[in-house]
Amino acid sequence: MPRTRVSAPWPRHLAAAHLSGLLLLCTFLVPPTWLLDAAYATAPGDATADAPFTLLFAVPLFCVALHLLAQIPAGLAGVRLGRNRSSRVRYGYALLVVVPASLLLCLVLFGNSPGGVLPAWGDAVARLAIGLLGHMWVVRSSGGRLRDTRTAGTGFFRRG
């Protein structure tokens, strides 16, 4: 009988989600184009302009929304759809999931923006792709310990 690997997948996925979120947050050290457009859209001294400090809240909230609504589901789906395949295939599946998910999110958030949705969406996909690289790096190996399937029982009363 073959020996199989036994591992707990959730700690790895939790670590992968945290690493991908950290990488996504680090990509926002380079300001997005929509942030720069919003910062310079109003004339200096315009009393009707939004307060500049609100942009400091918009970027982390956008980052959290991208991470929770697009990146984590895409990472989990990429790993699930690409199980027993290479890391490149898993990454490809994750990108296939993150592209429409981020498009829907950008349509909801930037639907009526004067700059349009496509620049913000392209920027978001590039940032999410970098974060997904970290996610796939963490879950690249199956890990775990070897278990002999000949002697292992099944169910609650398993030996070994």
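The values are calculated or read from the model by the stated rules, or taken from the named source; none is laboratory data. Here the structure is a predicted model, which means the values were calculated and not measured. Ligands, DNA and RNA are stripped out before the accessible areas are found, and what is left, the full protein with its side chains, is counted by its heavy atoms. Shrake-Rupley method; radii C 1.70, N 1.55, O 1.52, S 1.80 Å.
Brief remarks follow.
- Accessible surface, 1.4 Å probe, highest first, among residues Asp37, Asp123: Asp37, Asp123
- Heavy atoms of Leu56 accessible to a 1.4 Å probe, total area in Å² rounded to 10: 130 Å²
- Part-to-part distance (alpha-carbon centres) for region 68-97 and region 102-122, which is given in Å: 23 Å
- Subtracting the Cα-Cα distance of Leu95 and Leu61 from 0.36 nm times their residue separation leaves 10.0 nm of extension gain.
- Calculated from backbone phi, Karplus (6.51, -1.76, 1.60) coupling profile of region 104-111 in Hz, x at Gly/Pro: 4, 5, 5, 5, 5, 7, 10, x
- Per-atom-type breakdown for region 77-122 gives carbon and sulfur 65% of the accessible area (1.4 Å probe, protein chains only).
- In order along region 60-76, phi translates into HN-Hα couplings of x, 5, 5, 5, 5, 5, 4, 5, 6, 9, 10, 6, 5, x, 5, x, 5 Hz, rounded to whole numbers, per the Karplus curve 6.51 cos²θ - 1.76 cosθ + 1.60 with θ = phi - 60° and x for Gly and Pro.
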